[in-house]
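Q: Handing you a structure now.
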Amino acid sequence: MQLTFLGTGDVQQVPVFGCDCAACLRARQQPALRRTATSALIRCDDDLILLDAGQTHLEQRFAPGEITRILLTHYHMDHVQGLFALRWGRGQRIPVYGPPDEQGCDDLYRHPGLLHFEPFLTPFVPLTWGALTLTPVPLIHSKITYGYLIRYRDQQLAYLTDTVGLPDETAEFLQRQPLTMVVLDCSYAPREAMPRNHNDITRALGIHARLRPQRTWLTHISHEVDNWLMRHALPAGVHAASDGLTLTLA
């Protein structure tokens, strides 16, 4: 099983429009360091699962029938905007799974097109597709948001974005799992006060220490965090993900 980061940026993305900070200037000069809307792609046997749909032009990036299903963390625009054009395509309907958000985003529920919105997911009730099992876990965000524990054979990866900290029930559940990797929200440099909606470096490192995975990859990264990373090193076992990076569970 492979998980590829399609995007690792926050809602502003990197470079930020009109910003001349060191991280944004560097990203303009080195396109490999740009960060687009956070999302990922899971490839497992014959399945291709889109994890969030914040990338634009999905209808141009994937061939008809290539996407097996779409799994959403939540319905903020930067995580679903790619669905608005994709839905008007033709061909086989694409199952879409997500948290119990009755509002969704704009008119997606009313005019789904070729998207087939499945019944809302239930926390801690796993979904199994072949050798892959995904378990939704609640996160802390301004909209109803789920992370996912992804199990393939005897390895497990927890995908946890967008969130600030973790609910106790989620942290306790994940602490009982032998985690190979964690993909974790980190949108702010260290702050004394509790940030809103997203982890800062301090809280992300605290979650890493609590869950004790073999490795943690930070995502939903802002230009603020990139500027901090240009001056500081992360501890052993913690890394900043990048657009296009692929993780493998064998």
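Q: Residues of segment 193-208 with amide nitrogen under 12 Å from the 7 Å Cα-to-Cβ point of H232?
A: The answer is 200-206, whose backbone nitrogens lie closer than 12 Å to the label point.
Q: If you don't mind, there's one more thing I want to ask. Measuring with a 1.4 Å probe in the full set of protein chains, what accessible area per residue, in whole Å², belongs to segment 43-170? Write out the running numbers ahead of the final one.
A: On the way: 5610 Å² over 128 residues.
About 44 Å² of surface per residue is accessible.
Q: For the chain, which whole-number percentage of the solvent-accessible area (1.4 Å probe, protein heavy atoms only) is attributable to carbon and sulfur atoms?
A: Values: 5630 of 11200 Å².
With neighbouring chains kept in place, the figure for the chain is 50 percent.
Q: Right, next: What is the distance, in nm, between label points placed 7 Å from the Cα along the Cα-to-Cβ direction at H116 and at T246?
A: Once both label points are built, they end up 2.9 nm from each other.
Q: Only helical DSSP H runs with n ≥ 4 go in: add -39500 (n - 2.57) per run for the chain, normalise by residue count and round the 222 nm mean residue ellipticity to 500 deg cm²/dmol. Let's see the in-between values first.
A: Numbers: 7 runs with 46 residues, N = 250.
Helix-only estimate at 222 nm: -4500 deg cm²/dmol.
Q: Counting only the backbone N, which residues of segment 46-77 are under 20 Å from the spot 7 Å out from the Cα of R191 toward its beta-carbon?
A: Answer for this model: 76-77.
Q: Given Cβ point charges of +1 (Lys, Arg) and -1 (Asp, Glu) and nothing else, what value in debye, to the nearest 20, does the dipole of the chain about its Cα centre take? Write out the running numbers ahead of the final one.
A: Details: 22 positive and 25 negative charges, 94 e Å.
I would put it at about 440 debye.
Q: Which residues make up the longest stretch of the chain that has no chymotrypsin sites (Phe, Trp or Tyr not before Pro) in a DSSP loop with at most 15 other Cβ atoms within 10 Å? Present the calculation step by step, with values, prior to reporting the outcome.
A: Details: sites that count: F17, W88, Y109, F120, F124.
It works out to 125-250.
The values are calculated or read from the model by the stated rules, or taken from the named source; none is laboratory data. Keep in mind that this is a model prediction, so the values were computed, not measured. Neighbour counts run over all protein chains shown; Cβ positions are idealised from the backbone, glycine included. Please note that ligands, DNA and RNA were not included when accessible areas were found on the heavy atoms of the full protein model with its side chains. Shrake-Rupley method; radii C 1.70, N 1.55, O 1.52, S 1.80 Å.
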